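The values are calculated or read from the model by the stated rules, or taken from the named source; none is laboratory data. Since we're looking at a predicted model, the values are computed, not measured. Cβ sites come from the backbone with ideal geometry, for glycine too, and all protein chains shown count toward neighbours. Quick note on the areas: whole protein, heavy atoms, side chains included, nothing else; ligands and nucleic acids left out. Shrake-Rupley method; radii C 1.70, N 1.55, O 1.52, S 1.80 Å.
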Amino acid sequence: MLKKALYISTALAGLFSLGSAQAACTTTVGSVMSLTGSLGVLGQQIAKGAQLAISDLNAAKTPKTCTLNLSLLDDQTSASVGVDAAKKLVDVQHVPAIVGALSSGVSAAILTSVTTPSKVVLISPASTSPTFTELGKKNKTGGYWFRTTPSDALQGVAMAKVALDAGYKKVAILYLNNAYGKGLSDEFAHAFTKLGGTVTENVVYNPSQPSYRSEVDKALSPSPDALLLIGYPGDGTTIAREWISSDGPQKFLFPDGLESQDFANDVGLQYMTHAQGTAAGSVTTPSLATFKQEFQAKFGSLPTQAYITNAYDGTVLVGLAMEYAGKATGTAIRDSIRKVTDPKGEKIYAGVDQLKKAAKLIAEHKPIQYVGASGPLQFDQYGDINAPMVIWSVHDGKVESTGMVTVDQIAALRQKVQ
């Protein structure tokens, strides 16, 4: 497993133009992702999204652009390891931006103790906890926080709709004891109750236990129609198996953290015929089709899981923001990300040709709107975006998308449950 920095030195395409005497410059952008630990099975694929973005930026290079080093560090799905990795990136490698982390708990620790105090941008492709919105409202992020995935304030409402549409009136919750687990549990419980459902039990669990029998037993009494299990592969597999062996109903609700073919296989596909889940969705854009083609050409088949497109978009935005600003500092990137997603600007999509077009427009001082593979990417004042939520299930043994809860549907439901 990767536990050390992976250095990807490539010529950055479309980065800020410097004089010819300065063209042989180098800028390092950091990335902290879960390559091992409970999110490792997902993180290894998500990291490929960032690597593909670097490849595209490289292929679109101009003679006056800098070399980009992407320094990718493994947080092992641990907040303390993630903080140490971020400190290395900021204090030793002097990065102006970090793409990551994946776990909300890891991102929160990095944001509050490393990146915000150092005025470095942290742009996460996968951290969904509502905690970050609250930190923004309390002016504790300095505006250096962005995420290319929607908050669990949206996923909780979408999950409540999925549960009710499936006919579930009583749902038990088992959630991981971290910012992600608690945030999504709270959002779902509030929405589900307001919409007429009943949460029979809301049980927290700690990671890395050999058994979760006591937590499962508590969640089974009184008997629910279904289980909402919030967590990551590994512990999630253990819990699901113990739920099944305890004769819990084989009707499951899973969030984005468990959208994994490996997870479904490990639990047992025969037990997953009534499993449904939600995950960050993508508004269909020309970028999405290009991304899929390029990913398959570079890495092979595109896994059915969330956040690979989000990592691609976050990395591209860092590059475009530096180009727009004409310098590679955290503050310059912070102040330029919304400039390169300007809804009044000319639309720019994923891919080499489009990034070349972006560089030309920026050089001409014309506004641009990068429309990502994950969607339009319109950030509010707290670094949040609106996006639809995909509904996924296990069909014929395969994890696949089977529906969508639209932005408008989510907005209407949020209005109803306020």
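Here are some notes:
- The residue that is modelled with the highest pLDDT, among those in segment 1-24 that are surrounded by 14 or more Cβ atoms within 10 Å (Cβ to Cβ) and more than 18 Å from Tyr312 (Cα to Cα), is Ala23.
- Flag for Ser223 being out of contact with any strand residue (DSSP E or B) (no Cβ under 8 Å at 6 or more places or on another chain) and among the polar types (S, T, N, Q): no
- Flag if Glu346 is touching a residue at least 60 places away in the same chain (Cβ under 8 Å) and over 20 Å from Ala311 (Cβ atoms): no
- Number of residues in segment 258-312 that are of a type in the set (D, E, K, R) and under 18 Å from Ile244 (Cα atoms) equals 2.
- Among the residues of segment 262-304, those that are open to solvent by less than 10 Å² (accessible area, probe 1.4 Å) and either free of Cβ contacts under 8 Å to residues at least 12 places away in the same chain or closer than 30 Å to Thr65 by Cβ (or both) comprise Ser287, Phe291, Phe295.
- If only residues of segment 153-180 that are without any contact (Cβ under 8 Å) to a residue 60 or more places away in the chain and of a type in the set (D, E, K, R) are counted, the one that is least open to solvent (accessible area, probe 1.4 Å) is Lys170.
- Helices (runs of 4 or more DSSP H) fully within segment 188-283 that include at least 1 residues being under 26 Å from Met33 (Cα atoms): 235-245, 261-267.
- Residue within segment 142-156 that is over 17 Å from the mean Cα position of the chain (by Cα) and in a helix (DSSP H, G or I) present: no
- Top-ranked residue in segment 363-393 [being more than 17 Å from the chain's Cα centre (by Cα) and at pLDDT below 95; ranked as most open to solvent (accessible area, probe 1.4 Å)]: His365
- Test: residue in segment 239-255 that is closer than 18 Å to Leu102 by Cβ, crowded, with 24+ Cβ neighbours inside 10 Å and out of contact with any Phe, Trp or Tyr (no Cβ under 6 Å at 6 or more places or on another chain): yes
- Residue within segment 298-320 that is of a type in the set (Gly, Ala, Ser) and touching a Phe, Trp or Tyr at 6+ places or on another chain (Cβ under 7 Å) present: no
- Qualifying residue in segment 305-312 (condition: surrounded by fewer than 23 Cβ atoms within 10 Å (Cβ to Cβ), in contact with a strand residue (DSSP E or B) (Cβ under 8 Å, 6 or more places away or on another chain) and at pLDDT below 95): yes
- The criterion of being farther than 29 Å from Ala363 by Cα, more than 14 Å from the chain's Cα centre (by Cα) and open to solvent by less than 30 Å² (accessible area, probe 1.4 Å) does not hold for Leu39.
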